[in-house]
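One structure is given below, encoded as structure tokens.
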Amino acid sequence: MTGDHKTTDPLQPHSHEPNPAPPGDDPTFQFVGADGRSHPVTVAELRGLPEVSVPNCYIVSTGHGTSGPFTFTGATLLAVVQAFCAEPWTEVEVISADGFGNRVYATELRKPDSAGPILLAYAMDGQLLNCAQGLVRLIVPSERDDALRQVKWVSEVRVVGEKRP
Ligand SMILES: Nc1nc2c(c(=O)[nH]1)N[C@H]1C(S)=C(S)[C@@H](COP(=O)(O)O)O[C@H]1N2
Ligand SMILES: [Mo]
């Protein structure tokens, strides 16, 4: 991995310094299925999926200390993928509007960590996430350092299909 964060893959975390500036105020993200077709998903649609809350979540911000515990509420990433993708799949790329991202594997979603399932969260401590808080945010409750997986401002959820030989 190179040190030049302007040219690296958003899925290779470029920097541990969180971006202080929200890239926009629209929480709608694009869902790209394993078949390559994409469509927008609104917060209203997320809220139509089973609501899951995970308490005792911490955001461990490198160099800026830890915040929390928070209770994040949203849909599980597994429920989102299952709602919109019928094809077999192996991983999901979650990418933000500011070029940050994380890769989540099917096994992590199907066998959640004891800390809690991975969410696409739209609320924290009972309030919708505001712009500074990330609007729609990937929450990986098992991650207790660096917060590189706690992707704010999710703009694209891209499902990777089974790679056939
Ligand atoms: N979209 C996006 N998400 C991001 C980042 C970022 O720069 N852009 N930084 C990450 C890092 S390194 C940290 S420490 C946390 C900071 O989260 P906070 O603003 O809630 O403290 O967000 C994570 N999620
Ligand atoms: Mo961080």
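A few remarks follow.
- Members of segment 127-144 that are within 14 Å of ligand 2 (Cβ to nearest atom) and over 13 Å from ALA115 (Cβ atoms): GLY134, ARG137, LEU138
- Among the residues examined, ILE118 does not qualify as surrounded by 20 or more Cβ atoms within 10 Å (Cβ to Cβ) and within 16 Å of ligand 2 (Cβ to nearest atom).
- In the set (1) closer than 21 Å to GLY36 by Cβ; (2) in a helix (DSSP H, G or I), the condition left unmet by VAL94 is number (2).
- Hits in segment 47-63 - residues which are hydrophobic (A, V, I, L, M, F, W, C), under 25 Å from PRO20 (Cβ atoms) and at pLDDT 95 or above: CYS57, ILE59
- Within segment 124-148, the set of residues being surrounded by 21 or more Cβ atoms within 10 Å (Cβ to Cβ) and at pLDDT 95 or above comprises MET124, LEU129, GLY134, LEU135, VAL136, ARG137, LEU138, ILE139, VAL140, PRO141.
- Note on segment 29-63: among residues that are in a loop (DSSP other than H, G, I, E, B) and in contact (Cβ under 8 Å) with a residue 24 or more places away in the chain, the one that is farthest from ASP125 (Cα to Cα) is ASP35.
- Among the residues of segment 112-165, just one is more than 19 Å from SER53 (Cα to Cα), of a type in the set (Asp, Glu) and more than 14 Å from ligand 1 (Cβ to nearest atom), namely GLU162.
- Pairs where the first residue, in segment 110-125, is within 10 Å of LEU78 (Cβ to Cβ) and the second is modelled with pLDDT of 95 or more and among the charged types (D, E, K, R), C-beta under 7 Å, 6+ apart: ILE118/GLU108
- When the residues of segment 87-109 are filtered to those that are more than 12 Å from LEU77 (Cβ to Cβ) and hydrophobic (A, V, I, L, M, F, W, C), the one that is modelled with the highest pLDDT is ILE95.
- Tally, over segment 43-83, of residues that are within 16 Å of ligand 2 (Cβ to nearest atom) and closer than 12 Å to PRO117 by Cα: 1
- THR28, sole failed condition from (1) more than 16 Å from ligand 2 (Cβ to nearest atom); (2) closer than 26 Å to LEU128 by Cα; (3) modelled with pLDDT under 95: (3)
- Output for segment 108-147, where each listed residue is closer than 20 Å to GLY24 by Cα and assigned to a loop (DSSP other than H, G, I, E, B): LEU129, ASN130, CYS131, ALA132, GLN133, GLY134, LEU135, VAL136
The values are calculated or read from the model by the stated rules, or taken from the named source; none is laboratory data. Just so it is clear, the model here is predicted, and its values are computed rather than measured. Methodologically, a virtual Cβ is constructed for each residue, glycine included, from the backbone with ideal geometry; neighbour enumeration extends over all protein chains shown.
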